[in-house]
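Report on the structure given below.
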Amino acid sequence: MRAVVYSQLGDPDVLRVVERPVPEPLRGEVCVAVHVSGVNPTDWKARRGQLAFPEVVPNQDGAGTIDAVGDGVAASRLGERVWLWEAAWRRANGTAQEYVVLPERQAVRLPDGVSFDVGASLGIPALTAHRCLTVSELGPRGLAPGSLAGRIVLVAGGAGAVGHAAIQLARWAGARVITTVSNSEKEELTRAAGADHVVNYRDRDAVGEIRRIAPDGVDVVVEVAPAANAALDSAVLAANGTVAVYVGDEIELSVRELMSRNVRYQFVLVYTVPPAAKGQAVADVTAAVADGALPVGADAGLPLHRFPLDRAAEAHAAVEQGAVGKVVIEVS
């Protein structure tokens, strides 16, 4: 089989395509024939970060078909269409290869009629968005239709993959969604994703506009730029509101002022979410997908940028350079 690998850290050009034997699943594992591999910022950051294995296949997310099962896995799973999550977390083998072996719980049945493109676009973005929407002390621990009814959610940077998933999941769960963007192109994308209100912070007073829409404040902020948006978040949060931060950044906060309103900051790293919460997220995201709540593509507000396996370096470069939309690698 063909696999994309790197054995040193650096620019995308450290990625190369090699031939490897098809792996065999061990007990509790499945071997998945990968159709589509999703590329996320975490993938290129890992490629530039720390090399934990002599040779690494990148990419956490993907979708495909179960080709073989190990002992302890039901034979009925053979041929099952699945979406994959955290394939490369603390492992040397991600989804940028024709076959990947991983624990069976990380290969989740893809609902009938749902494309591999959708499956490969879940993983990191959707599970992160789910966690951000469910960490409020006063909110639900899971998501379902109506579970966020009456809540107002502000999604910062709604045109990104996590922001896009947050808009879709929040709407599916019944929330009213406001999002902020930096230009008209992203405004169109977030409206297509389902945002109720879109605020272009470059051409209007974002605080004033959000306060006009939500006079009593917003309940949850899904935050991609905590330092840049610290003052805005403080100004628009309701009492007992939560800011869920999923991107690392240095931040200074006015603790006394936030304390007086019992505001909560929750920092989210999807990999280390507690197992019970991760399991709930996987189940809820799958339910949302089955309901048609997480479509992808330009019409759904998340344009797809496709690359073949032998151009994986270009796919990584596109994500690293801030491509608007979802970058996927067509493996087979």
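Pairing each residue of the stretch 296-320 that is under 13 Å from Ala120 (Cα atoms) and in a strand (DSSP E or B) with any residue that is open to solvent by 20 Å² or more (accessible area, probe 1.4 Å) and among the charged types (D, E, K, R), provided the two are 6+ apart or on different chains, yields C-beta distances under 7 Å for Leu304/Asp117; Arg306/Glu330.
Leu138 fulfils the conditions (1) over 16 Å from the mean Cα position of the chain (by Cα); (2) modelled with pLDDT of 95 or more; (3) of a type outside the set (Phe, Trp, Tyr); (4) open to solvent by 40 Å² or more (accessible area, probe 1.4 Å) except for a single criterion, (2). Which residues, counting only those in the stretch 186-242, are crowded, with 16+ Cβ neighbours inside 10 Å and acidic (Asp, Glu)? Across the stretch 186-242, the qualifying residues are Glu187, Asp196, Glu209, Asp219, Glu223, Asp233.
Please verify whether Arg90 is under 25 Å from Val319 (Cα atoms), in contact with a helix residue (DSSP H, G or I) (Cβ under 9 Å, 6 or more places away or on another chain), open to solvent by less than 60 Å² (accessible area, probe 1.4 Å) and of a type in the set (Lys, Arg), treating the condition exactly as stated. Criteria not met by Arg90. Report, by residue number, each residue of the stretch 163-185 that is open to solvent by 20 Å² or more (accessible area, probe 1.4 Å) and among the hydrophobic types (A, V, I, L, M, F, W, C). Within the stretch 163-185, just Trp172 meets the criteria.
For Gly70, the criteria (1) open to solvent by 20 Å² or more (accessible area, probe 1.4 Å); (2) farther than 26 Å from Gly160 by Cα hold in every case but one, which is (1). Do we have any residue at all in the stretch 243-255 that's farther than 30 Å from Trp83 by Cβ, surrounded by 16 or more Cβ atoms within 10 Å (Cβ to Cβ) and touching a residue at least 12 places away in the same chain (Cβ under 8 Å)? Yes, the stretch 243-255 contains a residue that is farther than 30 Å from Trp83 by Cβ, surrounded by 16 or more Cβ atoms within 10 Å (Cβ to Cβ) and touching a residue at least 12 places away in the same chain (Cβ under 8 Å).
Any residue at all in the stretch 270-278 that is in contact with a strand residue (DSSP E or B) (Cβ under 7 Å, 6 or more places away or on another chain) and of a type in the set (Val, Ile, Thr)? Working first, answer last.
Initial filter on the stretch 270-278 (in contact with a strand residue (DSSP E or B) (Cβ under 7 Å, 6 or more places away or on another chain)): none.
For the stretch 270-278, residues in contact with a strand residue (DSSP E or B) (Cβ under 7 Å, 6 or more places away or on another chain) and of a type in the set (Val, Ile, Thr): absent.
Of all residues in the stretch 301-316 being open to solvent by less than 20 Å² (accessible area, probe 1.4 Å) and in contact with a helix residue (DSSP H, G or I) (Cβ under 6 Å, 6 or more places away or on another chain), which is farthest from His35 (Cα to Cα)? Once the filter is applied, the top-ranked residue is Gly301.
Would you check if there is a residue in the stretch 33-50 being acidic (Asp, Glu) and farther than 14 Å from Val4 by Cα? No, the stretch 33-50 has no match at all. Regarding the stretch 14-24, can at least one residue be identified that is touching a Leu at 6+ places or on another chain (Cβ under 8 Å), of a type in the set (Asp, Glu), open to solvent by 50 Å² or more (accessible area, probe 1.4 Å) and under 22 Å from Glu104 (Cβ atoms)? No: zero hits. Figure legend. Inter-residue proximity from the stretch 208-231: first residues within 24 Å of His130 (Cα to Cα), second residues part of a helix (DSSP H, G or I) and charged (D, E, K, R), beta-carbon distance below 6 Å, spacing 6+ or different chains. Indicated pairs: Val221/Asp233.
The single condition among (1) outside any loop (DSSP other than H, G, I, E, B); (2) at pLDDT 95 or above; (3) not hydroxyl-bearing (Ser, Thr, Tyr) that Pro215 does not meet is (1).
Yes/no per residue for (1) more than 29 Å from Val268 (Cβ to Cβ); (2) among the small types (Gly, Ala, Ser); (3) in contact (Cβ under 8 Å) with a residue 40 or more places away in the chain:
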site: Val39; (1), (2), (3): no, no, yes
site: Lys45; (1), (2), (3): no, no, no
site: Val56; (1), (2), (3): no, no, yes
site: Leu78; (1), (2), (3): yes, no, no
site: Val82; (1), (2), (3): no, no, yes
site: Glu98; (1), (2), (3): yes, no, yes
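Is it true that Val328 is at pLDDT 95 or above, of a type in the set (A, V, I, L, M) and open to solvent by less than 10 Å² (accessible area, probe 1.4 Å)? Yes; evaluated as a whole, the condition is true for this residue.
Within the stretch 256-292, the residues that satisfy the criterion of being touching a Phe, Trp or Tyr at 6+ places or on another chain (Cβ under 8 Å), touching a residue at least 40 places away in the same chain (Cβ under 8 Å) and within 27 Å of Asp233 (Cα to Cα) are Val268, Val270, Tyr271. Taking the criterion of being within 28 Å of Val5 (Cα to Cα), part of a helix (DSSP H, G or I), open to solvent by 30 Å² or more (accessible area, probe 1.4 Å) and among the polar types (S, T, N, Q), would at least one residue in the stretch 263-282 satisfy it? Checked the stretch 263-282: at least one residue is within 28 Å of Val5 (Cα to Cα), part of a helix (DSSP H, G or I), open to solvent by 30 Å² or more (accessible area, probe 1.4 Å) and among the polar types (S, T, N, Q).
The values are calculated or read from the model by the stated rules, or taken from the named source; none is laboratory data. Computed from a predicted model, the values in this text were never measured in an experiment. Using ideal geometry, Cβ is built from the backbone for each residue, glycine included, and neighbour counts are taken over all protein chains shown. Surface areas here come from the heavy atoms of the whole protein model, side chains and all, with no ligands, DNA or RNA. Shrake-Rupley method; radii C 1.70, N 1.55, O 1.52, S 1.80 Å.
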